1. Within segment 153-178, how many residues are under 16 Å from Phe121 (Cα atoms) and either free of Cβ contacts under 8 Å to residues at least 40 places away in the same chain or surrounded by 14 or more Cβ atoms within 10 Å (Cβ to Cβ) (or both)?
2. Taking Arg84, is it modelled with pLDDT under 90 and among the basic types (Lys, Arg)?
3. Is it the case that Tyr117 is buried (at least 17 other Cβ atoms within 10 Å of the Cβ), closer than 30 Å to Gly170 by Cα, touching a residue at least 24 places away in the same chain (Cβ under 8 Å) and of a type in the set (Ser, Thr, Tyr)?
4. Any residue in segment 135-151 that's surrounded by 14 or more Cβ atoms within 10 Å (Cβ to Cβ): show its pairings with residues that are aromatic (Phe, Trp, Tyr) at Cβ separation under 8 Å, as long as the two are six or more apart or on different chains.
5. With the requirement that a residue be surrounded by 12 or more Cβ atoms within 10 Å (Cβ to Cβ) and in contact (Cβ under 8 Å) with a residue 60 or more places away in the chain, what does segment 64-99 give you?
6. Only one of Ser185, Ser179 is part of a strand (DSSP E or B) and more than 24 Å from Arg84 (Cβ to Cβ); which?
7. Criterion first (closer than 30 Å to Ser175 by Cβ and part of a loop (DSSP other than H, G, I, E, B)) does Thr111 satisfy it?
8. State the number of residues belonging to segment 131-176 that are among the hydrophobic types (A, V, I, L, M, F, W, C) and within 23 Å of the chain's Cα centre (by Cα).
Amino acid sequence: MFLETAADTAACFERNTSVLLESENAQPSSVYCINAVHVGATGGGTTSDCLITPGPKVLSVNYELIHTDDLPIDANPNAGGGLRIFPDKKTPNETVDRRRIRVKAQYSQMTAGIRIYFRNFDVDDPSADTAPIDANDNPSVKAGNDNRGNVDGNSSTKAGVLTAPSGSSGCQTYSSGLSCLTDSSGIATVDFVVTMQPGGGG
């Protein structure tokens, strides 16, 4: 891109000065840099500057109870940290499925219709690296996918299952998980069903 200017419109430029603006593409997505190469009758030079432009992204992921009488989601005091829920029945005969929590991703723009992709993992049990606690580890590899239980009797659901919330629209499965559209507040929501037997597998 060339920009020509004259002395009577900008005192700092000579007549017949040309300025070539070049963008630098090899930058993080939030940084945009410009090199200005200016050439005039008495010489030239180069001026560079960068502009930080934060791009759209997921700002946070939050977890909420679906059943208000569930025990609260709280900090996990065990190895590995994170959060924990109590998915078991509160009474022997109840039929409420307490394995399910709600997951909400906040997009950086309050825009509806943005597709957010969710994926869940069965990470390594950090409490041990040997049997009987965590038999699929070895000294050089700390393998995940070691939950003892699964969601529906299928070993492929050891990591839990992502589902579309009741009444939701715009959710689609993809090869590694579930995607859903943001609402007018920029929030995309899914439900997550955990296993009843976490921890290292035998």
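1. Taking segment 153-178 first, the residues under 16 Å from Phe121 (Cα atoms) are 154-163, 173-178.
With the extra rule that they be either free of Cβ contacts under 8 Å to residues at least 40 places away in the same chain or surrounded by 14 or more Cβ atoms within 10 Å (Cβ to Cβ) (or both), the set shrinks to 154-163, 173, 175, 177-178.
Qualifying residue count for the region: 14.
2. Numbers: modelled with pLDDT under 90: yes; among the basic types (Lys, Arg): yes.
It is true that Arg84 is modelled with pLDDT under 90 and among the basic types (Lys, Arg).
3. On the way: buried (at least 17 other Cβ atoms within 10 Å of the Cβ): no; closer than 30 Å to Gly170 by Cα: yes; touching a residue at least 24 places away in the same chain (Cβ under 8 Å): yes; of a type in the set (Ser, Thr, Tyr): yes.
Against the criterion (buried (at least 17 other Cβ atoms within 10 Å of the Cβ), closer than 30 Å to Gly170 by Cα, touching a residue at least 24 places away in the same chain (Cβ under 8 Å) and of a type in the set (Ser, Thr, Tyr)), Tyr117 does not qualify.
4. Within 8 Å, the pairs are Gly144/Phe121.
5. Passing the criteria: Ile66, Ile85, Pro87, Arg99.
6. On the way: Ser185 fails: part of a strand (DSSP E or B).
It is Ser179.
7. Numbers: closer than 30 Å to Ser175 by Cβ: yes; part of a loop (DSSP other than H, G, I, E, B): yes.
In short, yes.
8. The first filter runs over segment 131-176 and keeps only residues among the hydrophobic types (A, V, I, L, M, F, W, C), leaving 131, 133, 135, 141, 143, 151, 159, 161-162, 164, 171.
Remaining after also requiring within 23 Å of the chain's Cα centre (by Cα): 143, 159, 161-162, 164, 171.
Looking only at that region, the number is 6.
The values are calculated or read from the model by the stated rules, or taken from the named source; none is laboratory data. Because the structure is a prediction, the values reported are computed rather than measured. Every residue, glycine as well, gets a Cβ built from its backbone with ideal geometry; the counts of neighbours run over all protein chains shown.
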